[in-house]
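Novice: Got a structure for you, questions after.
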Amino acid sequence: MKKTLYLLTLLLPVLMVPTSTLGFRQDVPSLAHADELLTVEVTPSVNETYPGGYVTYSIEVGGSYVGTASLSCEWSFFTPPGVNLSIEPEEGSVPFTALLRINTSSYTPPGNYSLIVVAKGTGGGPKAEKGVILRVKTPDFSISVIPDYRSVQAGQSTTFSVVVTPTQGFYSKVVLNISGLPPGASYKFSVESQNPPFTSTLAITTSDVTPEGTYRVAVVGTGGGRTHTVIVTLEVLEAFGFKISVSPTYGNTTQGGSVSYEVNVTALGDFNLPVSIMVAGLPAGCSIVASTNNVPPDYIATLTIRTSNETPEGTYTLHVVGFGGGMSKHSNSFVMEVLPTPTPSPTPTPSPTPTPSPTPAPERFDFRISAYPSELAVKPGSTASIKVEVTLLSGSPEPVELSVEGLPRDASFSLFPSTVLPSGTANLSITFGKAGTYTLVIRGRGGGLTRETSVVLKVEEEKRCVIATATYGSELSPQVQELRDFRDNVVMKTSAGRQFMRAFNSFYYSWSTPVAEFISKHEGVRKVFRWTLLPLLRVLGISRVIYERISFNQELGIIIAGFVASSLIGIVYLTPVFLSLFLKKGLFLGRRASLPLILSLLLLVIGEALRSPTLLTIGSSLLVVSSAILAPAALISLLTLVRDHLSLKAPTG
C-alpha cells in the first residue's frame with residue numbers, strides 16, 4: 001500500500017500538464033450489434049472562443065447501422081463554469097448531420113476543455129464517441145501604429161496614428177504610453193486611455209537640442225492585465241531654417257512710451273536666406289522698430305515697441321515671428337505691460353506745507369520652485385520627463401534662470417525653456433545611464449534670489465528570469481514572457497506583491513546566475529528543466545485566473561492567489577520529498593505546523609492597515625513558505641487517512 005501511495009504522488013506533476021496533450025477515447029462499437037457499425041465525426045477537432053463568445057461544431061453520423069441514433073455530450077473532466085451547449089437535431093436517421101453549439105459566459109475561465117460527443121443507436125444499437133477540445137482564450141487587444149517610420153527635423157513635430165482594437169471579448173480600459181524618446185523630445189496622445197476600439201494621435205515634438213539619429217520608440221498599451229508593445233522608427237534630421245529667441249521675457253512702459261527687447265535670429269544647418277521679423281499679439285496703437293531686419297542670420301536686433309496714448313493699459317503676451325526661405329518661425333513668448341500715463345498734479349495754492357505721508361515700499365519680488373514628480377523610478381537607458389513649476393509669490397514678475405545639478409555623468413538632459421517668467425513652467429527631459437539612486441537639484445535664480453527643489457531618481461536594473469531564460473534559450477520565448485508578465489502585471493501591481501518580490505529577489509539572485517550558466521551549457525539539463533518548469537507555468541496560470549476574479553480588491557486577490565500558487569507548487573515539487581521522509585523515517589509535521597500560516601495572514605492584515613513595508617515583506621514571505629510546506633503535508637495526511645480507512649474495510653484472511 002505504501003508503494004502504491006508513493007507512485008500516485010510521483011504522478012502528480014503529470015496531472016498539471018495542459019489537457020491539450022491528452023488523447024481521447026476511440027469509437028467503441030456496440031456488442032449487441034457486432035455486425036453493425038456506427039461512426040461519428042466532429043469538425044473542427046479544436047475550436048477557439050473567448051469568455052462570452054460561442055463556437056459551433058459539425059457532427060456527421062454514419063456507418064453501416066440502419067436506424068435512428070441519438071446524440072449527447074459529456075465533459076471529460078469537469079463542466080466549465082458558465083458554459084451551456086445545444087445539439088440540433090438531437091437524433092435522426094443514420095446517416096445525418098447535426099450542429100453542436102457551445103455558448104460561454106463572461107466568467108468562463110480561459111483554458112482547454114475536452115468534450116466527448118456520443119452517438120448511440122436506439123434499442124441497444126451500436127455506440128460511437130468522438131473527442132473535441134474547446135479552447136477559451138484570454139481576452140486581449142492589439143495595437144497598430146501607422147506609419148511605422150517618420151522623419152522630422154530637430155525642433156519640429158510629427159504624428160503617428162495609434163489604433164487599439166479589442167480581440168476575444170476584451171472590455172477593459174487600455175492606457176497608452178511610450179518609451180525610447182530621444183533627449184529633448186516630448187509626446188502627447190490625443191486619447192491617452194479608453195476602452196477599445198479607439199484611435200489616438202501620437203504627437204512627438206523634438207527640440208533644437210535633440211541629437212540627430214535614428215531612434216526606436218516603443219508605443220506601449222496596458223490594460224486588463226495585458227501589455228502590448230509596437231516599435232516605430234523616428235529619424236531626427238539636422239535642423240534646417242532658423243530659430244528666434246527674445247530676452248528679457250518681461251518689460252513695461254507707460255502709454256505713449258516705449259520698451260526694448262533683444263531678438264536673436266540664429267541659422268540652423270546651411271540656411272542663409274534673409275529673415276524678416278514682426279511682432280504678433282500687439283495691442284492697438286503700437287508700432288515697432290528693429291535695428292536690424294530682413295538680412296540672413298545669424299543676427300541680433302534691438303526691437304523697440306512704441307505705444308501711444310490710445311494703447312490700452314494691461315499685460316500682453318507677445319511673440320516675434322520670423323519669415324524667410326518660405327517658412328515662418330515663432331520665438332519664445334515674452335510679456336509687455338502697459339501702465340497708465342501719470343496724471344500731472346495741479347499747482348497747489350500756497351499753504352502751509354503738510355508733513356508728507358511715507359510712501360509704502362514696493363513689494364519685493366519672490367518666487368517658489370517645485371518639481372513633479374518629486375520621486376522617479378526608471379530603468380537604465382529610458383527617458384523621463386519632470387515638470388518644473390516657478391510660482392510668483394510676491395512683487396512684479398522677473399525672469400528666473402533655471403539650472404540642474406546632481407545628475408550622473410552618463411545621463412543627459414534638456415531643459416526647455418531655461419528661463420521662465422513666474423508663474424510659468426518648464427519641462428526637464430532626462431535620459432538615464434547606469435543604475436543607482438541620485439538626488440537631482442533644480443535651482444532657480446532671479447531678482448537677486450535663489451530658490452531650489454530636489455527630485456530623487458532611482459535608476460533600477462530590470463530583474464531577469466535567468467533560469468527560465470537559460471532553459472528556453474531566449475527572453476522572448478513565450479514561457480519566459482509568461483513568467484515576466486505574471487511578475488510585472490500581477491505581483492508588482494500590489495503592495496504585498498512588491499514587498500514579497502524584494503525578499504524573493506534577494507534570495508533568488510544569490511544563487512540563480514551560476515545555475516543558469518550551467519543549464520545553458522548542457523542541453524540535457526535544459527530538457528529536464530523544461531519539464532520541471534511546466535507545472536510551474538500551469539500553476540501561475542491558475543493563480544492569475546484567481547487574481548483576476550478578485551480584481552475588485554487587488555491586495556486581497558494577490559494574497560489568495562499567492563496562497564493557491566504556493567500550495568500547488570508545494571504539492572507538485574515537495575510531496576515526493578515529504579512522502580519519502582514520512583515512509584522511511586516516520587517524520588511528519590505536528591499540530592502546531594499551521595501557526596506560521598496563521599501568523600503570516602495576521603502580519604499581512606496589519607501590514608496592509610499600517611502600510612508597513614517591513615510587515616508586508618515578512619508576512620508575504622512567511623505565507624509563501626508556510627503554504628508550500630503545509631499543502632503537501634495536508635495531502636499526505638489525507639492519503640494516509642484514506643489508506644487506513646481502506647485497510648480497516650479490507651477483509652482479513
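The values are calculated or read from the model by the stated rules, or taken from the named source; none is laboratory data. In this text, all values refer to a predicted model and were calculated from it rather than measured experimentally. Quick reminder, even Gly has a Cβ in these numbers, built from the backbone with ideal geometry, and neighbours come from all protein chains shown.
Novice: Taking the stated definitions as given, is Ile542 over 22 Å from the mean Cα position of the chain (by Cα) and either surrounded by 15 or more Cβ atoms within 10 Å (Cβ to Cβ) or outside the structural domain of Val572 (by the TED database) (or both)?
Specialist: The answer is no for Ile542.
Novice: Would a scan of region 453-473 turn up a residue that is free of Cβ contacts under 8 Å to residues at least 60 places away in the same chain, closer than 28 Å to Ile559 by Cβ and among the hydroxyl-bearing types (Ser, Thr, Tyr)?
Specialist: For region 453-473, residues free of Cβ contacts under 8 Å to residues at least 60 places away in the same chain, closer than 28 Å to Ile559 by Cβ and among the hydroxyl-bearing types (Ser, Thr, Tyr): absent.
Novice: May I ask you to list the residues in region 166-176 that are among the polar types (S, T, N, Q) and in a loop (DSSP other than H, G, I, E, B)?
Specialist: Of everything in region 166-176, those that are among the polar types (S, T, N, Q) and in a loop (DSSP other than H, G, I, E, B) turn out to be Gln168, Ser172.
Novice: What residue, of Pro358, Pro362, Pro408, Pro354, is of a type outside the set (Gly, Ala, Ser), modelled with pLDDT of 75 or more and outside any strand (DSSP E or B)? Spell out the reasoning first.
Specialist: Numbers: Pro358 fails: modelled with pLDDT of 75 or more; Pro362 fails: modelled with pLDDT of 75 or more; Pro354 fails: modelled with pLDDT of 75 or more.
The conditions single out Pro408.
Novice: Just give me the residues in region 503-534 being surrounded by 15 or more Cβ atoms within 10 Å (Cβ to Cβ) and closer than 17 Å to Ile558 by Cβ, in sequence order.
Specialist: Ala503, Phe504
Novice: With the requirement that a residue be more than 20 Å from Ser186 (Cα to Cα) and either in a loop (DSSP other than H, G, I, E, B) or among the charged types (D, E, K, R) (or both), what does region 411-447 give you?
Specialist: Correct list: Leu421, Pro422, Ser423, Lys434, Ala435, Arg443, Arg445, Gly447.
Novice: In region 420-435, which residues are surrounded by 20 or more Cβ atoms within 10 Å (Cβ to Cβ), of a type in the set (Val, Ile, Thr) and more than 30 Å from Asp488 (Cβ to Cβ)?
Specialist: Across region 420-435, the qualifying residue is only Val420.
Novice: Which condition number in (1) at pLDDT 85 or above; (2) farther than 15 Å from Arg487 by Cβ is the one that Val577 fails?
Specialist: (1)
Novice: Can you tell me how many residues in region 394-405 are of a type in the set (D, E, K, R) and not in a loop (DSSP other than H, G, I, E, B)?
Specialist: 2
Novice: Next question, about the same structure. Spot the failing condition for Ala218; the list is (1) farther than 30 Å from Asn103 by Cβ; (2) buried (at least 19 other Cβ atoms within 10 Å of the Cβ); (3) among the hydrophobic types (A, V, I, L, M, F, W, C), and only one is missed.
Specialist: Ala218 satisfies every listed condition except (2).
Novice: Another question, then. At pLDDT below 85 and not in a helix (DSSP H, G or I) - does that describe any residue in region 613-633?
Specialist: no
Novice: Within region 278-293, is even one residue surrounded by 15 or more Cβ atoms within 10 Å (Cβ to Cβ), modelled with pLDDT of 90 or more, in contact with a Ser or Thr (Cβ under 7 Å, 6 or more places away or on another chain) and not assigned by the TED database to the domain that holds Leu393?
Specialist: No, every residue in region 278-293 fails to be surrounded by 15 or more Cβ atoms within 10 Å (Cβ to Cβ), modelled with pLDDT of 90 or more, in contact with a Ser or Thr (Cβ under 7 Å, 6 or more places away or on another chain) and not assigned by the TED database to the domain that holds Leu393.
Novice: Among Ser193, Ser245, Ser258, which is touching a Lys or Arg at 6+ places or on another chain (Cβ under 6 Å), modelled with pLDDT under 95 and in the same structural domain as Cys286 (by the TED database)?
Specialist: Step by step, each of Ser193, Ser245, Ser258 is checked, and only Ser258 is touching a Lys or Arg at 6+ places or on another chain (Cβ under 6 Å), modelled with pLDDT under 95 and in the same structural domain as Cys286 (by the TED database).
Novice: Sticking with this structure for a sec: Six or more apart or on different chains, Cβ under 7 Å: which pairs go from a residue in region 211-239 that's closer than 30 Å to Leu268 by Cβ to one that's crowded, with 21+ Cβ neighbours inside 10 Å and among the hydroxyl-bearing types (Ser, Thr, Tyr)? Could you list them?
Specialist: Close Cβ pairs (under 7 Å, with a partner that is crowded, with 21+ Cβ neighbours inside 10 Å and among the hydroxyl-bearing types (Ser, Thr, Tyr)) amount to Val236/Thr206; Val236/Thr210.
Novice: Within region 177-235, considering only strands (runs of 3 or more DSSP E) that don't extend past its boundaries, which have at least 2 residues that are over 21 Å from Asp488 (Cα atoms) and of a type in the set (Val, Ile, Thr)?
Specialist: 198-205
Novice: Filter region 114-137 down to the residues that are at pLDDT 90 or above, crowded, with 21+ Cβ neighbours inside 10 Å and under 20 Å from Gly541 (Cβ atoms) and list them by number.
Specialist: Scanning region 114-137 gives a single hit, Leu134.
Novice: Another question, then. In this structure, is Ile386 at pLDDT 85 or above, within 21 Å of Pro182 (Cα to Cα), of a type outside the set (D, E, K, R) and surrounded by 20 or more Cβ atoms within 10 Å (Cβ to Cβ)? Spell out the reasoning first.
Specialist: Numbers: at pLDDT 85 or above: yes; within 21 Å of Pro182 (Cα to Cα): yes; of a type outside the set (D, E, K, R): yes; surrounded by 20 or more Cβ atoms within 10 Å (Cβ to Cβ): yes.
Yes; evaluated as a whole, the condition is true for this residue.
Novice: Would you check if Ala650 is at pLDDT below 85, of a type outside the set (S, T, N, Q) and either at negative phi or assigned by the TED database to the domain that holds Phe507 (or both)?
Specialist: yes
Novice: Moving on to the next point. Need at least 3 residues that are small (Gly, Ala, Ser) per element, so show me which strands (runs of 3 or more DSSP E) inside region 73-128 make the cut, counting only ones lying wholly within it. Full working, then the answer.
Specialist: Details: elements: 84-88, 91-93, 96-103, 111-121.
Once the strands (runs of 3 or more DSSP E) in region 73-128 are filtered for at least 3 residues that are small (Gly, Ala, Ser), what remains is 111-121.
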